[in-house]
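Undergrad: The structure that follows is given in the form of structure tokens.
The values are calculated or read from the model by the stated rules, or taken from the named source; none is laboratory data. In this text the structure is predicted, and so the values were computed from the model without any measurement. Every residue, glycine among them, receives a Cβ derived from its backbone with ideal geometry; neighbour counts consider all protein chains shown.
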């Protein structure tokens with residue numbers, strides 16, 4: 001991992017347009033954080049709280065989101081190819097036709113995601 005924000009409170013922080021690839025966000029609180037258009041490839045968000053976070057246009061390829069809460073997160077235009085969403089709470093997470101998901105659209109909606 002490149003940098004660590006493990007178990008840090010980053011609530012409401014502006015982390016947009018940054019290269020945070022391979023960063024450790026394990027158990028971090030990113031409630032309503034702005035990560036729009038950030039490079040987050042390979043980052044670890046295991047058990048992180050991303051409630052309402054803005055991840056529009058973010059690069060989350062191969063990110064580890066196991067057990068993370070993405071309740072109400074904004075994922076429009078985000079790339080989650082290869083991301084691990086095992087056990088992640090996706091209820092109310094918003095996506096659109098530009099969003100690349102590692103799961104089928106049917107599974108996304110079954111898990112509570114909302115298409116915009």
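Undergrad: Taking the stretch 77-93 as the search range and keeping residues that are crowded, with 18+ Cβ neighbours inside 10 Å and touching a strand residue (DSSP E or B) at 6+ places or on another chain (Cβ under 8 Å), which one is nearest to residue 53 (Cα to Cα)?
TA: 93
Undergrad: Does residue 21 satisfy the condition of being in contact (Cβ under 8 Å) with a residue 12 or more places away in the chain, part of a loop (DSSP other than H, G, I, E, B) and either in contact with a helix residue (DSSP H, G or I) (Cβ under 9 Å, 6 or more places away or on another chain) or crowded, with 17+ Cβ neighbours inside 10 Å (or both)?
TA: yes
Undergrad: Looking at (1) over 18 Å from residue 5 (Cα atoms); (2) touching a strand residue (DSSP E or B) at 6+ places or on another chain (Cβ under 7 Å), which is the only condition residue 55 fails?
TA: Failed condition: (1).
Undergrad: Residues of the stretch 97-111 being surrounded by 14 or more Cβ atoms within 10 Å (Cβ to Cβ) and in a loop (DSSP other than H, G, I, E, B), which ones?
TA: Answer for the stretch 97-111, where residues must be surrounded by 14 or more Cβ atoms within 10 Å (Cβ to Cβ) and in a loop (DSSP other than H, G, I, E, B): 99, 101, 102, 103, 111.
Undergrad: Something else about it: Within the bounds of the stretch 1-10, is there any residue that is under 16 Å from residue 56 (Cα atoms), assigned to a loop (DSSP other than H, G, I, E, B) and without any contact (Cβ under 8 Å) to a residue 24 or more places away in the chain?
TA: no
Undergrad: List the number of the failed condition for residue 57; all other conditions in (1) part of a loop (DSSP other than H, G, I, E, B); (2) surrounded by 18 or more Cβ atoms within 10 Å (Cβ to Cβ); (3) over 10 Å from the mean Cα position of the chain (by Cα); (4) at negative phi hold.
TA: Here residue 57 clears every test but (4).
Undergrad: May I ask you to verify whether residue 38 is over 10 Å from the mean Cα position of the chain (by Cα), buried (at least 23 other Cβ atoms within 10 Å of the Cβ) and at pLDDT 95 or above?
TA: Spelling it out, residue 38 is indeed over 10 Å from the mean Cα position of the chain (by Cα), buried (at least 23 other Cβ atoms within 10 Å of the Cβ) and at pLDDT 95 or above.
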